[in-house]
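Accompanying notes for the structure given below.
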Amino acid sequence: MKTIFEPFRIKSVEPIRVTTRDERVRLIREANFNPFTLHSDDVMIDLLTDSGTGAMSAAQWAAVMKGDESYAGSPSFFRFEAAVQNLTNFKHIIPTHQGRAAEAILFSMMGGPGRRIPNNTHFDTTRGNIEASGAEGADLVIDEGLDPQSLHPFKGNMDLDKLRSYLDEHGDAVPCVMVTITNNAGGGQPVSLKNIHATGALAREYGKPFIIDGCRFAENAWFIKQREAGQGDRSITEIVRDCFSVADGMTMSAKKDAFGNIGGWLALNDNDMAETARGHLIRTEGFPTYGGLSGRDLEALAQGLVEIVDEDYLRYRIRTNSYIVEKLDAIGIPVVKPAGGHAVFVDARAWLPHIDPLLYPGQAVSVALFELGGIRAVEIGTVMFGRQPNGSEMPAAMDLVRLAFPRRTYTQSHADYIIEVFEELAAIKNSLKGYRITWEQKLMRHFTCKFEPLS
Ligand SMILES: *Cc1c(COP(=O)(O)O)cnc(C)c1O
């Protein structure tokens, strides 16, 4: 079927305020041309992120009422722990308020000056936490993963040759090997089960813990089921368990594939490391049976983890992206293909060759999407990754614009509207201008920096 079949009915709705183009031109100017600065009730279709923005189910809201807010030993924690272990089988589950808090705890142990941490592609908060500790991150994704037009089925795969050379070269400086599923910063592209196993085996060969950034483990498993030989008949749960079976731990943002509005966890098998991590948790997040979360959050996540592996949901989820990618491709807009798991990525550098990467073509597209259609998207390119630790500026590997879909929130009509806005944008794209940053922070500047359009 071509139609996106939403496998849910709507029980509760949130109104969307319909704005005019003149209003939006004023609003984005007032926001210093940074969509992160907009007020969300001024946005019509909010595709800034799929993080924490999804709709909870009736069963999740019901579970919220069961939340036990005891400081220590809450049954809500044990339900949460059991739900995580059911899918991942890790020994120690350490709840945090979101994924980056799990990263901060992990790199308080594994980071530090002189350390080097490889990944297929580090997500921005992961890289931020690594660099804040004084360590360095390396992105070793396969070359196909950097080619927006390559149709490789698993463009998130780790380049095993590059990883081996990296381990040979940096030896003791490498505290762990990471892989991110799906590869968010590289276009939401999946990693094959075979590659996850091979990366784990290589890490073991060099005596390094293997840590999975598992934010979108269910979407990744759906791609494995669809695309990888011999996996089509297995359940999503079986594939998920297989992925985590070769890892020593994981970081997780429960705002992604746990249907949470907030939450995360760090999972570890090693007892000593888990004890150190819990010490840090108590200092920065909270007692080990709630971490950074309330009992009701833990209940909602436990139920979310049951729902996230549902195949009808995953089919709808992934179909939304492929539907939009097919239509944008048909009207000649360069998009990352094949469609990723949680988002559609437009290749702004290829689409706007008249704007130099150092003048942020992705920013130009995201501002124009808001002005034309009230759509909020995010630049994933030179704004996000171009600032070097020494303060200089280099073009990022790609200049993409990400349209990330909140889970279970928008419908096919919204998808068709987005396509219509892109058709309008295509007609005026040669008139778009680049941007200049007028103010920025040193780390993760894209969240707060201010822009000025070039005349
Ligand atoms: C969202 C995300 C994180 C960080 O999680 P937060 O909950 O936003 O702190 C880390 N890695 C990846 C791949 C992510 O998508």
**Prompt:** Assuming Leu167 fulfils every condition listed in (1) of a type outside the set (Asp, Glu); (2) more than 23 Å from Gln231 (Cα to Cα); (3) more than 16 Å from the ligand (Cβ to nearest atom); (4) open to solvent by 50 Å² or more (accessible area, probe 1.4 Å) apart from one, which condition is it?
**Reply:** (4)
**Prompt:** Is it fair to say Leu400 is within 30 Å of Ala218 (Cβ to Cβ), at pLDDT below 95 and surrounded by 19 or more Cβ atoms within 10 Å (Cβ to Cβ)?
**Reply:** yes
**Request:** Identify the single condition in (1) on the phi < 0 side of the Ramachandran plot; (2) assigned to a loop (DSSP other than H, G, I, E, B); (3) touching a residue at least 24 places away in the same chain (Cβ under 8 Å); (4) out of contact with any strand residue (DSSP E or B) (no Cβ under 8 Å at 6 or more places or on another chain) that Pro113 does not satisfy, given that it satisfies every other one.
**Result:** (3)
**Request:** May I ask you to verify whether Ile196 is assigned to a helix (DSSP H, G or I), more than 16 Å from Gly214 (Cα to Cα) and modelled with pLDDT of 95 or more?
**Result:** no
**Subset of the range 89-110 [more than 9 Å from the ligand (Cβ to nearest atom) and part of a loop (DSSP other than H, G, I, E, B)]** = Asn89, Phe90, Lys91
**Message:** Any residue that is surrounded by fewer than 20 Cβ atoms within 10 Å (Cβ to Cβ) and away from the ligand (no atom under 16 Å from the Cβ) - is there at least one of those in the range 120-128?
**Reply:** no
**Item:** Residues located in the range 200-219, provided they are open to solvent by 10 Å² or more (accessible area, probe 1.4 Å) and not in a helix (DSSP H, G or I)
**Value:** Tyr206, Gly207, Lys208, Pro209, Cys215
**Request:** Answer yes or no as to whether Phe422 is within 22 Å of the chain's Cα centre (by Cα) and either of a type in the set (S, T, N, Q) or not assigned by TED's automatic domain parsing to the domain that holds Pro190 (or both).
**Result:** no
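Can you name the helices (runs of 4 or more DSSP H) wholly within the range 220-315 that have at least 1 residues being within 16 Å of the ligand (Cβ to nearest atom) and within 18 Å of Ala82 (Cα to Cα)?
Working: elements: 236-244, 271-284, 295-307.
By residue number, 236-244, 295-307.
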**Prompt:** Which of the residues spanning the range 1-45 are in the same structural domain as Phe405 (by TED's automatic domain parsing), of a type in the set (A, V, I, L, M, F, W, C) and open to solvent by less than 50 Å² (accessible area, probe 1.4 Å)?
**Reply:** Leu27, Ile28, Ala31, Phe33, Leu38, Val43, Met44, Ile45
**Prompt:** So which of Glu131, Glu136 is in contact with a Lys or Arg (Cβ under 8 Å, 6 or more places away or on another chain) and charged (D, E, K, R)?
**Reply:** Glu136
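The values are calculated or read from the model by the stated rules, or taken from the named source; none is laboratory data. Everything numeric in this text was worked out from a predicted model, so none of it was measured. All Cβ positions, even for glycine, are placed from backbone atoms using ideal geometry, and neighbour counts span all protein chains on display. These accessible areas exclude ligands, DNA and RNA; they are computed on the full protein's heavy atoms, side chains included. Shrake-Rupley method; radii C 1.70, N 1.55, O 1.52, S 1.80 Å.
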